[in-house]
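Colleague: Before anything else, here's the structure in question.
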Amino acid sequence: MNQSNSETKKDIEVRNDVKEETNYIWDPKRLVEEMFNLPTLVEENWEEKGLSELVERIKRNYEENGVEYLTTKGLPSKQSVIKLLNVILTVVFPNYLRKNEIKKSNIKYLLGSTLHSIYSRLSYEVEQSLKYVCKNTKCPENFCHKRAKRVAKELLEKIPDIQVLLKGDIQAAYDGDPAAQSIEEIILSYPCILAIATYRIAHELYVRKVPMIPRIMTEYAHSITGIDIHPGAKIGKNFFIDHGTGVVIGETTEIGDNVKIYQGVTLGALSIPKDEKGKVIRGQKRHPTIGNNVVIYSGATVLGAKAIIGDDAIIGGNVWITSPIPSGTKVTVVPPELSYRNLNSKKYMRETTKKLD
């Protein structure tokens, strides 16, 4: 019997050890009884023989199923990028997110050493991402290295501008939420600030054509905050996301100044266009354009490039929009008809008793 057939037989035996029945009643006594019926022993030579066979099977997957890129050199490190993002945030928000307190006496030293570290580490990660994209292309010698340093330099020089934008975003949050106690509370606790700050940093890398790293940053913020902002979106000043959970802002979305949106809002695309060969057409405007001074309430869905929301519009909760909305327009769903029943009435109690009998 060849190796592949023996492995197949072994897989079948392992699967047969565990019944495919699902029991959703998690009674402790019953659970223990069922656990006693499951296999507990491991083959004596599994660590020597079985484990080596498993290694070969996984290695074969790398080679045969196109996942060999997992071991390809030239990829940026996800963990390193996330750590870098957090260091950049400590520069943007001094004394709020860092361990070492910045004082007048040490501000130059701490800023200088931190920025130097960011420049070196970011240059390396950007170079790795560029090398990965260029691996099948003949690039000029040292192009990725030189370009990476240029990108890192330009991002650092953008930090003062990012700080100005974030100051407006924070003020918009304070002005737009009567529950906010202070600016400090907003910076330290509001998920929208982390999501927007991360977006504004990642956007600067995105517009400089850096692969992968901008998405690593924004998806990290997404995983923590529940707010999904693509780094390619264009967002104006004084932007506020109230509550934030479930918000989605697509890549080609354009948002003006002084815009406020609530939880569950989707600024997304319609069905993705395909060419005559059935391949997805990329590089086109697919998402909405939101004007200045617009408010979009919870659960609203605005889809497609034709969904252009004019200035000063108000978009009510749970609406579905795929077409232009003129400036100064309020869009709401017609209230549904509500049915009321007095649960304390004697008639209702008698009817319920009869049904139970």
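The values are calculated or read from the model by the stated rules, or taken from the named source; none is laboratory data. If you're wondering where the values come from, they're calculated on a predicted model, not measured in any experiment. Cβ placement follows ideal geometry from the backbone for every residue including glycine, while neighbour counts extend to all protein chains displayed.
Colleague: Only one of (1) assigned to a helix (DSSP H, G or I); (2) without any contact (Cβ under 8 Å) to a residue 12 or more places away in the chain; (3) more than 18 Å from VAL87 (Cβ to Cβ) fails for LEU165. Which number is that?
Modeller: Failing condition for LEU165: (2).
Colleague: With ASN258, ASN318, ASN293 as the choices, which residue is at positive phi, without any contact (Cβ under 8 Å) to a residue 24 or more places away in the chain and not assigned by TED's automatic domain parsing to the domain that holds PRO214? Give the derivation first.
Modeller: On the way: ASN258 fails: without any contact (Cβ under 8 Å) to a residue 24 or more places away in the chain; ASN293 fails: without any contact (Cβ under 8 Å) to a residue 24 or more places away in the chain.
None of the other options fit; the residue is ASN318.
Colleague: Moving to a separate point now. Determine which single condition LYS131 fails, assuming it passes every other condition in (1) crowded, with 17+ Cβ neighbours inside 10 Å; (2) within 25 Å of LEU188 (Cβ to Cβ).
Modeller: Going through the list (1) crowded, with 17+ Cβ neighbours inside 10 Å; (2) within 25 Å of LEU188 (Cβ to Cβ), LYS131 breaks only (2).
Colleague: Right, something else. Between a residue in the range 32-50 that is free of Cβ contacts under 8 Å to residues at least 40 places away in the same chain and any residue that is among the small types (Gly, Ala, Ser) and in a helix (DSSP H, G or I), which pairs come within a Cβ distance under 9 Å, given they are 6 or more apart or on different chains?
Modeller: VAL42/GLY50; GLU43/GLY50
Every residue, every condition in (1) among the hydrophobic types (A, V, I, L, M, F, W, C); (2) part of a loop (DSSP other than H, G, I, E, B); (3) under 30 Å from LYS131 (Cα atoms); (4) not assigned by TED's automatic domain parsing to the domain that holds GLU127, yes or no:
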| position | (1), (2), (3), (4) |
| --- | --- |
| GLN181 | no, yes, no, no |
| ILE186 | yes, no, no, no |
| ARG200 | no, no, yes, no |
| THR245 | no, yes, no, yes |
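Colleague: Moving on. So how many residues does the range 206-224 have that are touching a Phe, Trp or Tyr at 6+ places or on another chain (Cβ under 9 Å) and either among the hydroxyl-bearing types (Ser, Thr, Tyr) or in a loop (DSSP other than H, G, I, E, B) (or both)?
Modeller: Number of matching residues: 3.
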